[in-house]
Amino acid sequence: MKRKGIRILTMLLAVMLVLSACGGNNSAPADSSGTPGGETNAPPTPGNGGEPIKDLVTFANAGTHEVENFFMIGTELGADLDVLCNAYSPLLEINNKGQLQPAVAKEWGTEDGGKTWTFKLRDDVTWVDVEGNEKAKCTAQDWVTAMEWILNFEKNGSTNTSMLKAMVEGAEEYYEYTKNLAETNPGAALALSTENNPEFDKVGIEAPDDYTLHYTCIDQYPYFDTLCTSAAMYSVSQAEIDEKGVENMIGMSNETAWYNGAYTITSYIMNNEKVLTRNPAYWDKDCTLFDTVTIIMIDDANRDDQLFDTGEVDHCSLSENGLKTILDNPSDARNQELTETRFRKYSFQYLINYAKNNEDGTPDVNWNTAIANENFRKSLYYGVNLENTWARVNPTNPMKLENLCFTMKGFLYFSDGTDYTDRVIEKLDNIRPYDGEHARRFNEQLGLEYRDKAIEELTAKGVTFPVGIDYYIKAGSATALDAATVLKENFERTLGSDYVSFNIKEYISSLGQEVRAPRLHSFTGTGWGADYGDVENFLEQTIYGYDGADFSMNYTNINDITDPDCIALFEEFTRMVQDAQTITDDMDARYEAFADAEAFLLNHALTIPSNYENSWQLTKINDYSKMYALYGCQNNTYKNWETSTVPYTAEDYARFEAEFNS
């Protein structure tokens with residue numbers, strides 16, 4: 001068991017540590033008290049005449065946001081983590097200002113600029129089963145056990161490994177050790193634990209006592225503590241592994257899972273609903289929680305509008321038709337209740353599949369040859385106007401959804417206050433100045449010029465036109481079909497249907513299993529939200545030849561490109577990212593190097609940024625009371641939310657925003 005005492009002297013220095021702020025960004029210093037915040041058990045009384053909601057009812061899209069995994073460290077899917085962040089407790093958590101706060105770790109810090117980190121844990125956190133029965137104490141060893149599991153290739157594949165391998169001493173080596181062991185002696189790595197494991201002893205994590213954790217990083221990483229909000233830094237009890245068996249951990253259900261978070265998941269009916277119930281053993285006795293949270297699964301974007309009107313859900317994200325109905329009727333009382341959502345932390349892309357298959361499993365040579373051609377990619381990059389797509393979501397402010405970058409705006413800032421994404425945009429080719437009305441990347445002339453060059457070059461390679469673009473939507477969803485139809489028009493309008501043919505296809509229940517795994521998509525629209533507070537976590541997802549790159553492995557399949565010119569571009573991008581990662585003593589220089597790499601990715605149209613996520617809503621929830629961070633997986637934690645049985649108005653939201661910014 002990794003409880004070595006060789007760094008006990010270092011542990012004693014913990015009492016002298018200065019508590020860390022949020023990754024060296026613009027966050028205020030964290031509170032060092034044992035319980036975050038100063039809330040009482042009684043939720044705040046809303047100022048609009050209503051009463052606090054005790055049993056919250058919300059919704060999620062059945063086609064894209066159903067839970068597939070109840071083991072938090074075994075998933076990177078936002079659909080899973082948005083629910084599981086309520087079931088598991090982190091070392092640190094985020095408040096509604098985006099600042100790091102104590103959670104299981106009551107104190108933390110670094111004495112050497114980010115090379116080593118110490119976390120002092122609470123002693124009153126317990127694991128319970130779905131019925132609330134105590135199963136085990138939650139101790140520092142649970143984080144050591146979790147890291148062994150994550151880095152063990154035969155147990156966890158490459159899920160949640162990229163951040164740990166990039167930052168934690170010995171993590172890369174242990175991952176490769178277990179990967180090689182799995183290949184040469186299947187089953188041997190499954191039997192490994194933290195006990196009597198000399199290879200894992202080399203990894204930079206240890207628990208010298210039950211309530212002290214120590215991490216050793218590869219270099220100075222002043223933002224390492226922000227990683228504590230990601231799934232890669234959550235815990236698991238060895239007692240749970242022993243009870244279930246290694247083979248049953250990934251496939252656990254809500255009924256067999258152990259919980260140490262704010263809620264237990266007491267009911268789960270796939271594609272129907274799930275119920276979260278307040279965990280009476282939860283350690284934070286000063287926070288406010290709902291008695292229950294019910295998540296209703298919907299399969300049409302109009303459905304939540306209808307459920308809000310009938311009082312069956314406590315908020316709705318208005319569909320295009322729902323918003324139009326309200327706006328077209330000035331006497332509709334709901335006009336006063338229209339509020340804009342805050343931006344979610346995701347930067348959405350049209351992720352290109354560079355190794356597409358036909359439905360019979362054979363390579364789609366025509367598409368793969370075309371998309372490897374830079375002029376073809378640039379014809380799509382510049383020749384597709386997305387204004388109509390944005391207007392479907394936010395018809396009053398469509399340009400707010402415009403995204404020109406791979407990373408998320410507002411995520412990080414240079415020391416002079418410059419938004420990192422603004423610096424990237426300065427480095428992009430052919431981007432028009434912002435006028436608030438027109439897409440800055442769309443350029444009809446350039447799109448057509450690149451189209452003509454692509455036709456000449458690709459015809460010589462045997463490509464036939466139109467090149468088919470296969471785009472998949474959930475079967476039976478009228479809203480998804482409407483959106484895809486608009487997207488088809490966007491792709492074919494300028495470039496011509498004789499150049500590209502946008503084919504709308506359907507999957508039955510799982511985009512991942514039915515489309516992405518067999519590689520049937522030409523591209524798919526998806527977003528990434530950072531796991532921690534550094535640019536590398538965005539850019540690492542699309543580098544070449546790296547198992548931990550989620551987009552490369554599961555969406556774009558760039559490691560199977562055969563075109564040498566296209567491979568060379570991804571190799572150069574990867575080199576630029578890796579060079580930027582080595583800069584740890586000057587954050588401005590680090591961000592500048594990452595901005596160069598990101599601009600390279602975009603100027604060669606290796607990905608196509610699509611949108612940010614913002615819409616209009618009707619709601620009984622004060623969004624400004626929620627956890628809010630542009631990294632980590634905690635923003636959907638149902639903790640300390642201000643709610644009202646009476647819908648909030650635009651005036652209420654203006655007040656919330658003013659108070660938030662004061």
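The values are calculated or read from the model by the stated rules, or taken from the named source; none is laboratory data. This one's a predicted model, so the numbers in the text were calculated from it and none came from an experiment. Cβ coordinates were reconstructed from backbone atoms using ideal geometry, including for glycine residues, and neighbour counts include every protein chain displayed. Accessible surface areas use protein heavy atoms only, side chains included; no ligands, DNA or RNA. Shrake-Rupley method; radii C 1.70, N 1.55, O 1.52, S 1.80 Å.
The single condition from (1) touching a residue at least 24 places away in the same chain (Cβ under 8 Å); (2) touching a helix residue (DSSP H, G or I) at 6+ places or on another chain (Cβ under 8 Å) that GLU172 fails is (1).
Just one of the listed residues (VAL424, VAL365) is among the β-branched types (Val, Ile, Thr), in contact (Cβ under 8 Å) with a residue 40 or more places away in the chain and either out of contact with any helix residue (DSSP H, G or I) (no Cβ under 8 Å at 6 or more places or on another chain) or more than 17 Å from ILE469 (Cβ to Cβ) (or both), and it is VAL424.
If the condition is being open to solvent by 30 Å² or more (accessible area, probe 1.4 Å) and either in a strand (DSSP E or B) or not hydrophobic (A, V, I, L, M, F, W, C) (or both), then segment 245-269 contributes GLU247, ASN248, GLY251, SER253, GLU255, THR256, THR266, SER267, TYR268, ILE269.
Is there a residue being over 22 Å from GLY63 (Cβ atoms), touching a residue at least 24 places away in the same chain (Cβ under 8 Å) and over 22 Å from the mean Cα position of the chain (by Cα) anywhere in segment 292-307? Within segment 292-307, one or more residues are over 22 Å from GLY63 (Cβ atoms), touching a residue at least 24 places away in the same chain (Cβ under 8 Å) and over 22 Å from the mean Cα position of the chain (by Cα).
Going by what's in this entry, would TYR177 be described as more than 26 Å from the chain's Cα centre (by Cα), modelled with pLDDT of 95 or more and closer than 16 Å to TYR546 by Cα? In short, yes.
Among the residues of segment 542-590, the ones that are within 30 Å of ASP416 (Cα to Cα) and modelled with pLDDT of 95 or more come to 14 in all.
Of all residues in segment 618-651, those satisfying the criterion of being small (Gly, Ala, Ser) and surrounded by fewer than 22 Cβ atoms within 10 Å (Cβ to Cβ) are SER625, ALA650. Looking only at residues of segment 525-551 that are aliphatic (A, V, I, L, M) and either closer than 15 Å to LEU606 by Cβ or open to solvent by 20 Å² or more (accessible area, probe 1.4 Å) (or both), we find that the one that is farthest from the chain's Cα centre (by Cα) is ILE543.
Of everything listed in (1) over 25 Å from the mean Cα position of the chain (by Cα); (2) assigned to a strand (DSSP E or B); (3) small (Gly, Ala, Ser), the single unmet condition for ALA239 is (2).
For every residue, the table says whether it meets (1) over 25 Å from GLY114 (Cα atoms); (2) aliphatic (A, V, I, L, M); (3) touching a Ser or Thr at 6+ places or on another chain (Cβ under 7 Å).
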site	(1), (2), (3)
LEU151	no, yes, yes
GLY157	yes, no, no
TYR174	no, no, no
ASN196	yes, no, no
PHE200	no, no, yes
VAL203	no, yes, no
ILE218	no, yes, no
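Of ASP124, ASP112, all but one fail to be at pLDDT 95 or above, farther than 30 Å from THR542 by Cβ and open to solvent by 10 Å² or more (accessible area, probe 1.4 Å); the exception is ASP124.
In segment 270-282, the condition of being small (Gly, Ala, Ser), closer than 22 Å to VAL128 by Cα, part of a loop (DSSP other than H, G, I, E, B) and more than 22 Å from the chain's Cα centre (by Cα) is met by at least one residue. Between ASP585, ASP596, the distinction of being part of a loop (DSSP other than H, G, I, E, B), surrounded by fewer than 19 Cβ atoms within 10 Å (Cβ to Cβ) and either of a type in the set (Asp, Glu) or in contact (Cβ under 8 Å) with a residue 24 or more places away in the chain (or both) belongs to ASP585 only. Residues in segment 495-521 that are loosely packed, with under 15 Cβ neighbours inside 10 Å, over 20 Å from ASP299 (Cβ atoms) and hydroxyl-bearing (Ser, Thr, Tyr): 1 in all.
In the set GLU402, GLU387, only one residue is surrounded by fewer than 17 Cβ atoms within 10 Å (Cβ to Cβ) and touching a helix residue (DSSP H, G or I) at 6+ places or on another chain (Cβ under 8 Å); that residue is GLU387. Flag not set for MET167, criterion: open to solvent by less than 10 Å² (accessible area, probe 1.4 Å) and modelled with pLDDT of 95 or more. The set of residues in segment 436-471 that are within 15 Å of TYR381 (Cα to Cα), among the polar types (S, T, N, Q) and open to solvent by 60 Å² or more (accessible area, probe 1.4 Å) contains only GLN445.
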